[in-house]
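What follows draws every value from the coordinates through simple rules; no lab data is involved. Since the structure is predicted, the reported quantities are computational estimates derived from the model, not experimental observations.
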Amino acid sequence: MTEADDDYVYDEQTGEWRPASEIAALAAATTVTTVDSAGTPLADGDAVVLIKDLKVKGAGQTLKQGTVIKSIRLTDNPEEIDCRHDAIKGLVLRTEFVRKR
């Protein structure tokens, strides 16, 4: 596809009209991946293991080191994952406390 056939999009940061393909390539290059404490990329549905005992606010219990959390979901924040545990529903964990299983 030539540049003449490309759609143009207004880039608010630069104040210029730029080709849509250029904007898409820039957005793809700046996407942030969610990684665990060891730097391993995480994806929806992965299982993780806790690397530290964690006190769960509002639940009145502690999740022990080595606890396996299955079927995680990524959130908009790359430092947090959404998950479920048998005793705790709607649990959000920071990625710095988990390791991919």
Across the chain, qualifying lysine pairs (alpha carbons under 20 Å, at least 8 places apart or different chains) come out at 12
Out of Leu63, Leu50, Leu42, a Gaussian network model of the chain with alpha-carbon springs under 10 Å gives the largest mean-square fluctuation to Leu63
Can you give the percent of C-alpha pairs in the chain whose distance is more than 21 Å? 48
Rounded to the nearest 10 degrees, the helix 20-29 long axis (Cα) sits at an angle to the longest Cα principal axis of the chain of 30
Taking just the C-alpha trace of segment 48-100, give me its Rg and Dmax in Å. 10.2, 27
Helix-only mean residue ellipticity at 222 nm for the chain, each DSSP H run of n ≥ 4 adding -39500 (n - 2.57), per residue, nearest 500: -3000 deg cm²/dmol
Chain lengthening between Val9 and Thr33 when straightened (0.36 nm per residue, less Cα-Cα): 6.1 nm
